[in-house]
Amino acid sequence: MASVLQRQRPVSPVRPEEVSATRQPTERASTLPPRVYHDPEVFQYERDAWFSADWLCVGREEDAAEPGEYFLTQLFGENIIVVRSDDRQLRAFHNVCRHRGATIVEEPCGKLVRFQCPYHAWIYDLKGNLRPPRHTETLENFDLSQNGLFQVRLDTWAGFIFLNLDPQAAPLAEHLGEFPNHWQPFPIAELRRSQRMEYHVKANWKALVENYSECYHCPGVHPLLNHLTPYNLGGYLPGSGNWAASWMELTSDYETLSIDGYLHGRKRIPGMRPEDLKRVYYAFIWPNLLYSLHPDFLMIHLVWPINAEESTVICELFFHPETMAEPDFDPSGPKEFWDLTNRQDWHVCELQQAGTASRSYVPGRYSIIEKMVHSFDAMVADRYANDGQRTVVVREAIKNWGGARTKRRSQPAELRESAD
Amino acid sequence: MASVLQRQRPVSPVRPEEVSATRQPTERASTLPPRVYHDPEVFQYERDAWFSADWLCVGREEDAAEPGEYFLTQLFGENIIVVRSDDRQLRAFHNVCRHRGATIVEEPCGKLVRFQCPYHAWIYDLKGNLRPPRHTETLENFDLSQNGLFQVRLDTWAGFIFLNLDPQAAPLAEHLGEFPNHWQPFPIAELRRSQRMEYHVKANWKALVENYSECYHCPGVHPLLNHLTPYNLGGYLPGSGNWAASWMELTSDYETLSIDGYLHGRKRIPGMRPEDLKRVYYAFIWPNLLYSLHPDFLMIHLVWPINAEESTVICELFFHPETMAEPDFDPSGPKEFWDLTNRQDWHVCELQQAGTASRSYVPGRYSIIEKMVHSFDAMVADRYANDGQRTVVVREAIKNWGGARTKRRSQPAELRESAD
Amino acid sequence: MASVLQRQRPVSPVRPEEVSATRQPTERASTLPPRVYHDPEVFQYERDAWFSADWLCVGREEDAAEPGEYFLTQLFGENIIVVRSDDRQLRAFHNVCRHRGATIVEEPCGKLVRFQCPYHAWIYDLKGNLRPPRHTETLENFDLSQNGLFQVRLDTWAGFIFLNLDPQAAPLAEHLGEFPNHWQPFPIAELRRSQRMEYHVKANWKALVENYSECYHCPGVHPLLNHLTPYNLGGYLPGSGNWAASWMELTSDYETLSIDGYLHGRKRIPGMRPEDLKRVYYAFIWPNLLYSLHPDFLMIHLVWPINAEESTVICELFFHPETMAEPDFDPSGPKEFWDLTNRQDWHVCELQQAGTASRSYVPGRYSIIEKMVHSFDAMVADRYANDGQRTVVVREAIKNWGGARTKRRSQPAELRESAD
């Protein structure tokens, strides 16, 4: 296998001054400048500087479990084969023949013993090595070892497969930082996909991550969710890395987020501690993975930008294999709940996308319970500014949004008032 | 309410030399350079320098007659609420929440007591003032009076509502100049909308205004119209302002423009003088309002550019309320006539749009009866040139296109010949 | 008729260094840089510098056989009338009125006695001369002879009509060079169109010409074609000019390329010599005409670029009139064969188009039997480089791809091996 030439790092079209108002304490900060949700030049920068150089989750190990099993994934114009080679290692290759450049594999997933280009029948093994093509014997300087498939960096965590188009990127573990620590009690790698929902949303990918990161909108937008987990009960999780996380509390005797709030016999994920039984955890991992652990299932959203104004969102639910093996296993309650909630979210994100396109719009202010939105926006702003400074958004559970569970009675007055 | 920051005036991409051939007396002048009908850069200039800084007609007072009644209008990417506030004043606001920028009102028209953003439930009164949002109490420098809806300038004439996105623009009255004088005999403000037709036309907006401004094409394109009002009978109206107007004469015993030329009992608009009974008046008001007074109805066309190559045209017919109140009121004759005539026009405008895209096309010459086209093109050319000089196109009724009605017998020979 | 002003020659966006690896002997050469199949700027250059200045085949003399008969053709945004004038000469005109620029003729083909603009009824005769329009009598400097239709250069060879948008281009005969010599034995001008197939292909036009120029892909992509004419039997035709040609050999007792390989009574084209009976000839004439002579029919493909990523391909079959006059004339065998083969080709061209868009793709190497592809790519590269140097790709029949027909037994070993 050969390696793709390193490309030049693109230059940010957003100057530090343009985002300085976002890089302030939340009480003084303003939201991101509106053009970053609309300007194709900004989008191109994000695609080239971030999505082409950050670790992106593209699937689960279960999707290529046995040697020869593969799936295709599309990363910003790059068609990539993720395959389990004969040595049981996962590898990723650009799905492009080294001869005249044809796409080699057309079926989105399957099992193969080798890769054969459908145009002139050139053959590569599962490790990407080219076999000698006919009618090339008399060529000068034609080195087979230099004409294998181009490889893409691949790493895994907890069953998730991440790719990185940048050969120079820091390792995945460094990217995740202390994120994995929070989930060590749980057998995340053992979970298996049960449900998959796909959405087309007319909104910038950042608006979708922002929407995920606050529940200020829940009383009006999600009456059911707000009934099960009131918007002002919960707290933030600490830790370093390119992520932020929080939890919300199930009230009354509710057991999970589903259309009626109950488990109906579904087993909880092994490893749940007493406090986990009443919590739903929400995290974003930079740039586009949303991770939500419920007592009985894990949900992820992958937010894939199409362009500055449109995104595809994939939402998947994972359960423990033992739960799925129960004869009466029924995931429809969680699925219906989240399909409803997702669609409510996409609608308001689309309204925000439309409104921020107005020439009249100027950055607004964060309410005090939008600190996780502010955390994400600060990551965005820091990366635009690219000046080596890192904005810290202070998030203390009690002060910020209604207090941790044990402090419910001592919430500040303004938060009690605002409970729906 | 806050006011939108003034934007920098865009620079014209069309140099004075490029339009100097249009800024000549009609006998020597050439039509506009073809690229102004096709070049996206020219269109962007027109949108930013003209449509974003000129008074644009967006509706009638009847569309928001009572307090709380509103309608939405889209002005070149700006979504605007036109509302009758509690004090019975008409106001216009950008339909954008000052918090995270969501579109506030989604229904295209209706009646409301306040504006409430569907995302985080921020509330504004009908004058655009923000009410205190929850969870913003501890913010620093968060001034409610600076966070109201952004207002858009609004003015009215004769029942028409005009908006102007430019806070510095001269008043509507100055824009209209002496135009209103011609219609003082008639109760234009009292008329009510009866019919509405909407068209998508693959032609530049200027080609549509030009088409409206001459009847040189009528013998071939509009046999019925040309039968009722022969193309070479009529005259021009004098007066200053950003408009031009003419009239055409109904021949034989025809009473109006409709599918058979007769009123069939429809009352004429009050105030008609003897000469008005046989006339149809045509005016364009810069940039995109076409105004046609018939004995029994007023017609307007609004020509809304979509891009350099496409436009939406709205055509509406207004009658006097007393006429509409008649038990046997039937507007189908005028409507059918104009729907037919409109479609004939759109077809030739689309042919012109297609043909002028050819690299071979060079500006042509105006015939002597295209002086009102030339007037419009001169306004266009003057605004591109932006050099303070104003081109005057001399339009004398008799010399220009067949003479006033009282001079029919003494038309110049070449005009008699060319009558169909 | 007036003549269109000469436009400035566009500047190549591809520097000589970028294509130097293609301008080498085949054994050392690399394919074209991938961006030339994708970059809109490169496409615009090709359109302006090549397609607007080269001779392009747009039809056959039979399409406008009698005076007044015409057809319209679209050349890269130019709508052109090809007409047989009263003097029986073929002429081509821009289909654009000199007045306000409307398209004059709307029906794609037919018979007319004059051209009359549908907008203001200006009239031109079949030689493009403007008749005096009414209401232009008093204009200054309005010279009828300067306001005729703009003419386009037209020439013919063997019944094919070629146009050239560049008034300064060298004559068609110079462009074709020695190409016509090879077809003098055959009455090509007498052949008549029998079948027409049209395809939309998501591939750059050059990928389609390349695909036509080699049979390295035939064993895998075209099992039937490869059965009738094995990919490694054939040779190249010599000669100068902007073209390249080869032939392939029908094996066994096969008589032509059709769904079963037999003539079923269809007569061969007159003039066939003994060696022609077992040959199918393939030629490309720069830039986009593919010419394939079979024993009983002539096939052409016209590859019309839409943009850098899409093309329209027209495929037509021509037979001798005597063959077509036979009561049982049936062209369905050839048509079905080529429709199948065409679609197989488009599919792999689309795969190549998709794959070469990858940032990972770097130019590949030509196999030794892709010399005609290399010839075409070298013409492309020479024209980008525009440095006066001309790359010669040596094509000797035997060495290059399995030897001429008489040498079958003495093919080099590697070619025998690779026969399917």
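The aspartates and glutamates whose alpha-carbon is closer than 13 Å to the alpha-carbon of B:Lys278, local same-chain residues fewer than 8 away aside, are B:Glu249, B:Asp253, B:Glu255, B:Asp296.
Loop-located trypsin sites (Lys or Arg not before Pro) in segment A:336-381 (DSSP state not H, G, I, E or B) with no more than 12 neighbouring Cβ atoms inside 10 Å do not occur.
By the count of other C-beta atoms within 10 Å, a proxy for reagent exposure, B:Cys215, B:Cys109 are ordered fewest to most as B:Cys109, B:Cys215.
In terms of surrounding Cβ atoms within a 10 Å radius of their Cβ, B:Ile285, B:Ile161 rank from fewest to most as B:Ile161, B:Ile285. Helix A:332-356 and the longest principal axis of the C-alpha atoms of chain A enclose an angle of approximately 90°. For the pair segment C:190-264 / segment A:45-95, the C-alpha centres are spaced 38 Å from each other. The residues neighbouring A:Arg390, those whose beta-carbon lies less than 13 Å from its own, together hold a net charge of 0 under the Lys/Arg +1, Asp/Glu -1 convention. Rounded to the nearest 10 degrees, what's the angle between the helix B:371-385 long axis and the longest principal axis of chain B, both from Cα atoms, 0 to 90? In chain B, helix B:371-385 runs at an angle near 40 degrees to the longest axis. Percent of alpha carbon pairs in the protein assembly as shown separated by more than 61 Å? Above the 61 Å cut-off, the protein assembly as shown has 29 percent of its Cα pairs. For segment B:15-153, averaging the sequence separation of C-alpha pairs within contact (under 8 Å, six or more residues apart) and dividing by the residue count gives a relative contact order of 15 percent. Charge tally around C:Pro67: other residues with Cβ under 10 Å, Lys/Arg +1 each, Asp/Glu -1 each, net -1.
Projecting label points 7 angstrom from Cα along Cα→Cβ for A:Val11 and A:Arg35 puts them 1.5 nm apart.
Quick one: work out the % antiparallel among DSSP beta bridges in the protein assembly as shown, nearest 5.
Given both bridge residues lie in the protein assembly as shown, the antiparallel proportion sits at roughly 100 percent.
Of all the options C:Trp304, C:Trp286, C:Trp157, the one that moves most in a Gaussian network model of chain C with Cα springs shorter than 10 angstrom is C:Trp157.
Across identical copies of the chain, B:Ser332 has label-point separations of 5.1, 5.2 nm, listed in ascending order, with the point defined 7 angstrom from Cα along Cα→Cβ. Pairs spanning more than 31 Å between alpha-carbon atoms, out of C:Lys202/C:Lys267; A:Lys202/C:Lys206; B:Lys206/B:Lys335; B:Lys202/B:Lys335; B:Lys127/B:Lys267; C:Lys206/C:Lys267: C:Lys202/C:Lys267; A:Lys202/C:Lys206; B:Lys127/B:Lys267; C:Lys206/C:Lys267.
Counting from the shortest, the label point at C:Pro10, 7 Å from Cα toward Cβ, is 2.5, 2.5 nm from the same position in each remaining copy.
Each helix, a run of at least 4 DSSP H residues, gives -39500 (n - 2.57); summed and divided by the residues of the protein assembly as shown, these come to -5500 deg cm²/dmol at 222 nm.
Applying a 4.7 Å cutoff between beta carbons, the unpaired cysteines of chain B are B:Cys57, B:Cys109, B:Cys315, B:Cys349. In segment C:313-403, which GluC sites (Glu not before Pro) are in a loop and have at most 15 other Cβ atoms within 10 Å, using DSSP for the loop call? Of the GluC sites (Glu not before Pro), the ones in loops of segment C:313-403 whose Cβ has at most 15 other Cβ atoms within 10 Å are C:Glu396. Each residue of segment C:131-141 is assigned a 3J(HN,Hα), and the resulting list reads 8, x, x, 6, 6, 10, 4, 9, 5, 8, 6 Hz, derived from the Karplus form 6.51 cos²θ - 1.76 cosθ + 1.60 (θ = phi - 60°), x at Gly and Pro. Pairs of Cα atoms nearer than 8 Å and 6+ residues apart set the relative contact order; for chain A it is 20 percent.
Averaging over all projection directions, the Cα-based convex hull of segment C:56-168 occupies 7.4 nm² in the image plane. Each listed q (0.10 Å⁻¹) maps to a log10 I(q)/I(0) for segment A:182-304 from the Debye sum over equal C-alpha point scatterers, namely -0.31. Straight-line reach from C:Lys371: taking Cα to Cα under 17 Å and skipping same-chain neighbours fewer than 8 places apart, the aspartates and glutamates in range are A:Glu137, A:Glu140, C:Glu27, C:Glu210, C:Glu214, C:Asp382, C:Glu396, C:Glu414.
Here the label points at B:Cys109 and A:Leu112, each 7 Å from Cα along the C-beta direction, are separated by 5.9 nm in the simple model.
Based on the Cβ-Cβ distance of C:Thr138 and C:Val392, what FRET efficiency does E = 1/(1 + (r/R0)^6) give at R0 = 51 Å, to the nearest 0.05? Result of the calculation: an efficiency of 0.20. Taking the Cα of A:Phe76, stepping 7 Å toward and past its beta carbon, and measuring to each backbone N in segment A:290-327: which are under 20 Å? Answer for this model: A:290, A:301-314. Of all chain C residues, the one whose Cβ lies closest to the rotation axis that maps C onto B, given with that distance rounded to whole Å, is C:Pro40, 8. Across the identical copies, the 7 Å label point of B:Asn386, projected outward along Cα→Cβ, sits 3.2, 3.2 nm from its counterparts, in ascending order. Going from the residue with the fewest nearby Cβ atoms within 10 Å to the one with the most, A:Asp86, C:Asp253 rank C:Asp253, A:Asp86.
Any read-out appearing in this document is the output of simple, stated calculations on the displayed coordinates, not a laboratory observation. These numbers come from a predicted model, not from an experiment. FYI the Cβ positions are ideal-geometry reconstructions off the backbone, even for glycines, and counts take in every protein chain you see.
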